[in-house]
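The values are calculated or read from the model by the stated rules, or taken from the named source; none is laboratory data. Quick caveat, the model's predicted, so the values are computed rather than measured. Cβ: placed from backbone, ideal geometry, glycine included. Neighbour counts: every protein chain shown. What goes into the accessible areas is simple: the full protein's heavy atoms, side chains included, and nothing from ligands, DNA or RNA. Shrake-Rupley method; radii C 1.70, N 1.55, O 1.52, S 1.80 Å.
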Amino acid sequence: GGGVEWGHNTHELVSRLLSAKMQREGALRVLTTDGEFYSLTRQLNMLAKHARGLVVPDDADEYLLQNHEASGLGLPSKNLVSTDGLHIDYVSVEPADTFPSRFALAAASRSGRYNFVYCSQVAFATQQTIIPDINTFSSSVHTALSRGRGPLAAPLQDPDDHPYLVVDGYHAFCAVPTTIDPHQRVFYLGGLLKHAACGPNAAFVTVPPGVRPRPLLTGWLADPAVLQPGSEGVRMGDEAEFEKGAALMGGTPAFGPALGVFCEVMARWVVLGITVAGVHSHVMSLHEALLRRVPAEGPISKSTLVPVQDEGFRSHTVCFRLGSAEVASATVSLLGKHGVRVDARGEVVRVGFGFGHSVADVDRLLGVLGECFGAAAPQAPPREVGGEAAGLG
């Protein structure tokens, strides 16, 4: 591919990619989902609010601007805003099993003509994997985007003229086995805080082959040569240059400590024979131990369980939809008082597992569920976990 660039968080990197596409084409035409993390959704909402304030719409435009769901009636996407400089459409992440085909259908929209496409591999709130295979997804979306340009459109020669397809893999990195063809035109985002467990302030994005973003939102480190001996620095009116591999940088970096920890952890994984596939297998065995014994009724039960996906691409978090954010929050609080740490996003309670957990932790969880909400399902002999069975060998 085109290499890896580093930043302090995915929002920083995405903001620079958005500004790069804006700088190149003078407008943003975005296709995304209704299930992205709050930082991106908040950013797009603010851009939409700003764009609405810059136009004086006629009656028809006013209807679409103030009733953004109206433009999506009968279509696979809904519109957030549509002006000359900014157009944002979004697709529902649910149901997850039909998401890839629905998203590709939306990408083919002639009215969309999208130049920036953003989608999570795993939806953060429900932990449903909505992109089971990134290579297949990338190919289908780019094919659809080409159809959306129309048969008479001139071929795109420069890699930066193609739409940017960004996949947010934060909730999958170091957890869900993922393979990306280096020739795919996809930016893959991730960070070191969650499953990598190496601390905050470090995120990365893989850059597709030949792509050289030139973001409007930039800093001195995007061209570190300006501080080299003999350089005249940056003067007013100078053309901004960008160093390959550093184009998305800002100012003085602070991701060194987390990146150093990550490198050390990965080196130890190699020595110990630990792999992402092995960790995933171990976690799936814990899922099985929980799911076959979880109570039939109650807040954390089969009746509230978010549909469980295929083990091959399932995220490491089992989720339960409780009907309201208040009930979810109260459930998290009650379990916390019994020593079980889970969290909630809206109405969904998320129960996460990692390579540090064991069947004993599942037993403890089920016992607490019984204490809090009534008798748990009868205990069954757990599948053996350890050595190769744990996937850690």
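If you go through segment 160-194 and keep only what is touching a Cys at 6+ places or on another chain (Cβ under 9 Å) and modelled with pLDDT under 95, you end up with just 194.
Every listed requirement among (1) over 23 Å from residue 347 (Cβ atoms); (2) of a type in the set (Lys, Arg); (3) part of a helix (DSSP H, G or I) is met by residue 113 save one, (3). A single member of 133, 84 is open to solvent by 20 Å² or more (accessible area, probe 1.4 Å) and either at pLDDT below 90 or farther than 23 Å from residue 190 by Cα (or both), and it is 84. How many residues, within segment 33-47, are farther than 17 Å from residue 123 by Cα and either surrounded by fewer than 16 Cβ atoms within 10 Å (Cβ to Cβ) or small (Gly, Ala, Ser) (or both)? Here the count works out to 3.
The rows are residues; the columns are (1) in a loop (DSSP other than H, G, I, E, B); (2) surrounded by 22 or more Cβ atoms within 10 Å (Cβ to Cβ); (3) basic (Lys, Arg).
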residue: 103; (1), (2), (3): no, yes, no
residue: 106; (1), (2), (3): no, yes, no
residue: 124; (1), (2), (3): yes, no, no
residue: 137; (1), (2), (3): no, yes, no
residue: 142; (1), (2), (3): no, no, no
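Checked against the criterion of being more than 19 Å from residue 17 (Cβ to Cβ), part of a helix (DSSP H, G or I), open to solvent by 30 Å² or more (accessible area, probe 1.4 Å) and not aliphatic (A, V, I, L, M), the candidates 264, 232, 239 yield just one match: 264.
Please go through (1) open to solvent by 40 Å² or more (accessible area, probe 1.4 Å); (2) touching a helix residue (DSSP H, G or I) at 6+ places or on another chain (Cβ under 7 Å); (3) at pLDDT 95 or above for residue 113 and return the number of the only condition it doesn't satisfy. Single failed check for residue 113: (3). Selection within segment 267-286: residues that are in a helix (DSSP H, G or I), β-branched (Val, Ile, Thr) and open to solvent by 50 Å² or more (accessible area, probe 1.4 Å). The member of this set that is farthest from residue 197 (Cα to Cα) is 271. Scanning segment 198-224 for residues that are on the phi > 0 side of the Ramachandran plot and open to solvent by 70 Å² or more (accessible area, probe 1.4 Å) returns a single hit, 201.
The residue that is most open to solvent (accessible area, probe 1.4 Å), among those in segment 242-261 that are touching an Asp or Glu at 6+ places or on another chain (Cβ under 7 Å) and without any contact (Cβ under 8 Å) to a residue 60 or more places away in the chain, is 243. If I filter segment 343-365 for residues that are more than 30 Å from residue 178 (Cβ to Cβ), out of contact with any Ser or Thr (no Cβ under 8 Å at 6 or more places or on another chain), open to solvent by 10 Å² or more (accessible area, probe 1.4 Å) and not in a strand (DSSP E or B), do I get at least one hit? Yes - at least one qualifying residue is present in segment 343-365. The single condition among (1) assigned to a loop (DSSP other than H, G, I, E, B); (2) open to solvent by less than 60 Å² (accessible area, probe 1.4 Å); (3) of a type in the set (Gly, Ala, Ser) that residue 289 does not satisfy is (1).
Which residues, taken from segment 164-179, are touching a residue at least 60 places away in the same chain (Cβ under 8 Å), of a type outside the set (Ser, Thr, Tyr) and part of a loop (DSSP other than H, G, I, E, B)? 171, 172, 174, 175, 176, 177, listed by residue number. The number of residues in segment 1-32 being in a helix (DSSP H, G or I) and surrounded by 21 or more Cβ atoms within 10 Å (Cβ to Cβ) comes to 8.
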